[in-house]
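What follows draws every value from the coordinates through simple rules; no lab data is involved. As the structure is a prediction and not an experimental result, all values here were calculated from the model. Cβ sites come from the backbone with ideal geometry, for glycine too, and all protein chains shown count toward neighbours.
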Amino acid sequence: MQISKFSNIVTFTTKGQVVIPSKLRKEFEIKVGTRAAVISTPEGILLKPVTREYIRSLRGSLKNKKVWEAFQHDREWERER
């Protein structure tokens, strides 16, 4: 595995938690409570922040699918909480 000189190194806690460096949090608009999709890729683990921009990018791709309905149900549940 080759690590770029631009890579950030993080440490996992016993619970599997990591701290995302502040520069990256700002770049990807990650704020307190931001959710992230955790995706397994051939290269490793990908964390994809679920931001307004990411949600907008999904519009149309989930039209008339159960996934979109489940997402909307989850958003409503979060608002009620």
### Karplus-derived HN-Hα couplings along the stretch 27-32 (A = 6.51, B = -1.76, C = 1.60, θ = phi - 60°), whole Hz, x at Gly and Pro
4, 9, 6, 8, 10, 4
### Residue-wise HN-Hα coupling along the stretch 75-81, computed from phi with Karplus coefficients 6.51, -1.76, 1.60 (Hz; x: Gly, Pro)
4, 4, 4, 5, 4, 5, 5
### Message
Just to verify a number: FRET efficiency for VAL10 and ALA37, C-beta to C-beta distance, R0 = 22 Å, to 0.05?
### Response
0.75
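As a footprinting exposure proxy, order ILE9, ILE20 by other Cβ within 10 Å, with the fewest listed first. Working shown, then result.
Details: ILE9 6, ILE20 16.
Ascending number of Cβ neighbours within 10 Å: ILE9, ILE20.
Using Cβ contacts closer than 10 Å as the measure, can you line up ARG35, ARG81, ARG56 from fewest to most? Can you show the working numbers first?
Values: ARG35 13, ARG81 5, ARG56 9.
By the 10 Å Cβ count, ascending, the order reads ARG81, ARG56, ARG35.
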### Query
Amide H to amide H under 5 Å from ALA36: which residues, 5+ apart in sequence or cross-chain, H placed 1.01 Å off N in plane?
VAL50
